[in-house]
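See structure below.
The values are calculated or read from the model by the stated rules, or taken from the named source; none is laboratory data. Keep in mind the model is a prediction, meaning the values are calculated, not measured. We place every Cβ from the backbone using ideal geometry, glycine too, and count neighbours over all the protein chains shown. Just so you know, the surface numbers come from the protein's heavy atoms only, side chains and all, with ligands and any DNA or RNA stripped out. Shrake-Rupley method; radii C 1.70, N 1.55, O 1.52, S 1.80 Å.
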Amino acid sequence: QVQLVESGGGLVQPGGSLRVSCAASGNFFRIYVMGWYRQAPGKQRELVALLTRDSNSNYADSVKGRFTIARDNAENTVYLQMNSLKPEDTAVYYCNANAKIFPWASLRDYWGQGIQVTVSS
């Protein structure tokens, strides 16, 4: 299984920056895609950014140019640097990993518990 633990959330003023991290642990063969999703109150969970093992990235239009995703494959860790934050970025941010437990196993999605990011003055 894959356990994901997020850290680094909190309260930040509009225009500020914040970095959230997610570390994966457990017994698994390989993590292929790592990413971040978010869910604001009353809204559906949405993709923020994801990054493949070979560094292909995808960003939501709303965060392009402001957020940067990075990962350390050796440490099975993914980071999300968030700059020029806006109140509408306020949400619970969830780490996601797409992984195989064994080489012959199917890909499965794993989720962290979520971490609160609040952008407010």
## Note on the structure
Taking the range 30-64 and keeping only residues that are touching a residue at least 60 places away in the same chain (Cβ under 8 Å), under 18 Å from Arg19 (Cα atoms) and among the aliphatic types (A, V, I, L, M), one is left with Met34
### Task
Tell me, yes or no, whether the range 46-58 has at least one residue that is in a strand (DSSP E or B), under 14 Å from Ile115 (Cα atoms), of a type outside the set (Gly, Ala, Ser) and open to solvent by 10 Å² or more (accessible area, probe 1.4 Å).
no
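Can you name every residue in the range 1-32 that is in contact with a Leu (Cβ under 6 Å, 6 or more places away or on another chain) and within 25 Å of Arg53 (Cβ to Cβ)? Write out each step before concluding.
Pass one, the range 1-32, residues in contact with a Leu (Cβ under 6 Å, 6 or more places away or on another chain): 12, 16, 20, 22, 24.
Selection gives Val20, Cys22, Ala24.
Restricting to the range 50-71, name every residue that is closer than 23 Å to Gln1 by Cα and touching a strand residue (DSSP E or B) at 6+ places or on another chain (Cβ under 8 Å).
Passing the criteria: Leu50, Leu51, Thr52, Arg53, Ala70, Arg71.
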### Message
Restricting to the range 90-105, give me the number of residues that are more than 17 Å from Gln3 (Cα to Cα), surrounded by 16 or more Cβ atoms within 10 Å (Cβ to Cβ) and either of a type in the set (S, T, N, Q) or free of Cβ contacts under 8 Å to residues at least 40 places away in the same chain (or both).
### Response
1
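Please determine, by comparing only the residues of the range 84-121 that are assigned to a loop (DSSP other than H, G, I, E, B) and either in contact with a Gly (Cβ under 8 Å, 6 or more places away or on another chain) or charged (D, E, K, R) (or both), which one is nearest to Asn27 (Cα to Cα). Even if it seems obvious, please write down each step before you answer.
First, the residues of the range 84-121 that are assigned to a loop (DSSP other than H, G, I, E, B): 84-86, 90, 101-107, 112-114, 120-121.
Now narrow it down to the ones that are either in contact with a Gly (Cβ under 8 Å, 6 or more places away or on another chain) or charged (D, E, K, R) (or both): 84-86.
Values: Ser84: 37, Leu85: 35, Lys86: 38 Å.
Looking at residues that are assigned to a loop (DSSP other than H, G, I, E, B) and either in contact with a Gly (Cβ under 8 Å, 6 or more places away or on another chain) or charged (D, E, K, R) (or both), I get Leu85.
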### Selection within the range 1-45 - assigned to a strand (DSSP E or B), surrounded by fewer than 20 Cβ atoms within 10 Å (Cβ to Cβ) and either among the charged types (D, E, K, R) or out of contact with any strand residue (DSSP E or B) (no Cβ under 6 Å at 6 or more places or on another chain) (or both)
Gly10, Arg19, Arg30
